[in-house]
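What follows is a set of notes on a single structure, which appears directly below.
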Amino acid sequence: MSGLLSIFLRLLLLFKLVAPVTFRHRRYDDLVRTLYKVHNECPYITRVYSIGRSVKGRHLYVMEFSDYPGIHEPLEPEVKYVGNMHGNEVLGRELLLQLSEFLCEEFRNGNQRIVQLVESTRIHIMPSMNPDGYEVAAAQSPDISGYLVGRNNANGVDLNRNFPDLNTYIYYNEKHGGPNHHLPLPDNWKSQVEPETRAVIHWIRSFNFVLSANLHGGAVVANYPYDKSLEHRVRGFRRTASTPTPDDKLFQKLAKVYSYAHGWMHQGWNCGDYFPDGITNGASWYSLSKGMQDFNYLHTNCFEITLELSCDKFPRQEELQREWLGNREALIQFLEQVHHGIKGIVLDENNNNLPEAVISVSGINHDVTSGDHGDYFRLLLPGTYIVTATAPGFDPETVSVTVGPGEPKLVNFQLKRSISQVSPTQSFPSAGPGGRVLPKQVKPQAAK
């Protein structure tokens, strides 16, 4: 009898090991439990942190994956996913929770693709930007068609129409001259936005994000900037016209990476709409002002696209597994796109880091800047480029670099102080306050 019991217990254990993942909708408390469960299972490569609170006081949690959680490693890019910005568009929320569980499990299993991704990338996953709206939407019966119930935050504000409008300024600057990146915010911006929006703005200003996607529902298409049309109304009627960024070809490529890795997005015909290749310029679809996607591009170094992932904004629970299988490869491939283009470190002649140095690419009217550690990341398509680094008080340095389709090219810069900035008696320390001497393995070198 004891032998039969032993066999039964072993079979029960085996069943638990191979039992399929339970796909379900998770309310706020369940979401929090899931995040901390993943962290407890993978404590050395994860960190759970909050960027702030919603109107109702719920935390806006982020799950971080990195081989050094909580630390920015120079030359390691930062990438983010944001889900559930509209509370009633819930598939992205569940996909990001599944992604967190998947990354942890596959890392523990020694999946070399996932190990490489986690060890070379700092990944930030926010399952829900609008937890208050989600709770309202989730309280509905699935048989009730309240299409917009829960979309907005607890103050009734659409968070994807709540960011400072920087498009108006960039369209003016493109025509008349002016900055093409890191456009400043109005002095009163904090009083003009919701708590969730304010928390996200502080978040994306605190990390040097390179790549991002925000996950929505109601269509199936990869949407890229600009979302706001240059001239979106003519004689009182809405006019849709493609409004490309200076990085239009790059954004199209990023959108196609997701679309073609997705189970069916690339087919184009979804939800009664047709989008060639499963992608669209946002303004070509419909003009949207004060959106998060354009804000990322115009105020930070981050290139963000918007992923519309399901016809049904709140799909039934039994549909979640199919949706996960349709999106899993695309979610991983998109993260891997952060490892393209060029990257490097900008130093002065005494090997001090130069933060906020401007990296310009000839022919592309959109610059990026170096971060606090002097490191920069510039996503580019394969090709040959003329790249210039500039910083106030230093002579610019220009190099020619050829970018291939694989790993990013390492292009470091060492700027010399302008003669007009140096007095005859001035000397420079080997490292200034906050400066860091670059390790030998990443000393400045010519572009490869």
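For a protection proxy built on the mean count of beta-carbon atoms within 10 angstrom, sort 272-280, 208-216, 285-293, 68-76 highest first, please.
Working: 272-280: 16.8, 208-216: 25.1, 285-293: 20.9, 68-76: 15.2.
Those peptides, ordered most packed to least, come out 208-216, 285-293, 272-280, 68-76.
Between Ala391, Ala357, Ala139, find the one with the highest GNM mean-square fluctuation for the chain; connect C-alpha pairs within less than 10 Å. Greatest mean-square fluctuation among the candidates belongs to Ala139. For the residue pairs Lys228/Lys409; Lys175/Lys416; Lys56/Lys228; Lys80/Lys253; Lys190/Lys290; Lys37/Lys190, the alpha carbons lie more than 25 Å apart in Lys228/Lys409; Lys175/Lys416; Lys56/Lys228; Lys37/Lys190. Based on the reciprocal of the average 1/r between different C-alpha atoms, the Kirkwood radius for segment 156-228 equals 14.4 Å.
Peptides 375-386, 174-185: what's the order by average Cβ count within 10 Å, highest mean first? Kindly include the intermediate steps, with their values, before the conclusion.
Working: 375-386: 18.9, 174-185: 13.3.
So the peptides 375-386, 174-185, ranked by packing, come out 375-386, 174-185.
Using a 1.4 Å probe on the protein heavy atoms, what percent of the accessible area of the chain belongs to carbon and sulfur? Please list the in-between numbers first.
Working: 10670 of 20240 Å².
Within the chain, the accessible surface is 53 percent carbon and sulfur.
Just to be sure I understand: with springs between alpha-carbon atoms less than 10 Å apart, which residue in Ser100, Ser362, Ser191 has the highest mean-square fluctuation in the Gaussian network model of the chain? The residue that fluctuates most here is Ser191.
Using only the alpha-carbon atoms, how far is helix 2-18 inclined from the longest principal axis of the chain? Give it as 0 to 90 degrees, nearest 10. Tilt relative to the chain: about 50 degrees.
For the chain, what is the percent of antiparallel DSSP beta bridges, rounded to the nearest 5?
Numbers: 38 of 63 bridges.
Restricted to the chain, the bridges split so that about 60 percent are antiparallel.
Taking a temperature of 25 °C and a viscosity of 0.890 mPa s, what whole-number D in µm²/s does Stokes-Einstein yield for segment 152-275 with Rh from Kirkwood over alpha carbon pairs? Don't skip to the end; give the middle numbers.
Working: Rh = 17.2 Å.
Result for D is 143 µm²/s.
Rolling a 1.4 Å probe across all protein chains gives Trp203 an accessible area of roughly 10 Å². Relative contact order of the chain, taken over Cα pairs closer than 8 Å and 6 or more residues apart, is 14 percent. Excluding ligands, DNA and RNA, the accessible surface per residue across the chain is 45 Å² with a 1.4 Å probe. Asp395 sits among other residues whose Cβ lies under 12 Å from its own Cβ, and their net charge, with Lys and Arg +1 and Asp and Glu -1, is -1.
Of the residues Ala241, Phe303, Ser259, the one whose Cα sits farthest toward the positive end of the charge dipole of segment 224-317, with +1 on the Cβ of Lys and Arg and -1 on the Cβ of Asp and Glu, is Ala241.
Summing Lys and Arg as +1 and Asp and Glu as -1 over all other residues whose Cβ lies under 9 Å from the Cβ of Ile342 gives a net charge of +3. From the square roots a ≥ b ≥ c of the eigenvalues of the alpha-carbon gyration tensor of segment 226-350, which class results: rounded (a/c under 1.5), prolate (a/b over b/c), or oblate? Oblate is the answer for segment 226-350, as a/c is 1.5 or above yet b/c matches or exceeds a/b. Angle of helix 248-261 to the longest C-alpha principal axis of the chain, folded into 0 to 90 degrees and rounded to 10: 20°.
In sequence order, segment 65-77 has phi-based couplings of 10, 5, 6, 10, x, x, 10, 7, 8, x, 6, 9, x Hz under the Karplus curve 6.51 cos²θ - 1.76 cosθ + 1.60, θ = phi - 60°, and Gly or Pro positions carry x. Taking Cβ separations below 4.7 Å as the criterion for a possible disulfide partner, the isolated cysteines in the chain are Cys302. Across Thr300, Thr34, Thr46, mean-square fluctuation computed from a Gaussian network of the chain (C-alpha pairs under 10 Å connected) peaks at Thr34.
Given charges of +1 on the Cβ of Lys and Arg and -1 on the Cβ of Asp and Glu, with all other atoms neutral, how large is the dipole of segment 214-352 about its Cα centre, in debye to the nearest 20?
Values: 14 positive and 17 negative charges, 107 e Å.
With Lys and Arg at +1 and Asp and Glu at -1, about 520 debye.
Short-range pairs are left out: with C-alpha atoms under 8 Å and at least six residues apart, the relative contact order of segment 180-327 is 38 percent.
Label separation (Asn350 vs Glu105): 5.4 nm, computed from points 7 Å beyond Cα along the C-beta direction. In units of the rule-of-thumb radius 2.2 N^0.38 Å, the chain shows an alpha carbon radius of gyration of 1.05.
Relative to the globular-protein estimate of 2.2 N^0.38 Å, the Cα radius of gyration of segment 49-189 stands at 1.30.
Computed from Cα positions, the angle between helix 320-336 and the longest principal axis of the chain comes to roughly 20 degrees.
The values are calculated or read from the model by the stated rules, or taken from the named source; none is laboratory data. If you're wondering where the values come from, they're calculated on a predicted model, not measured in any experiment. Cβ: placed from backbone, ideal geometry, glycine included. Neighbour counts: every protein chain shown. Surface accessibility is based on the protein's heavy atoms, side chains included, excluding ligands, DNA and RNA. Shrake-Rupley method; radii C 1.70, N 1.55, O 1.52, S 1.80 Å.
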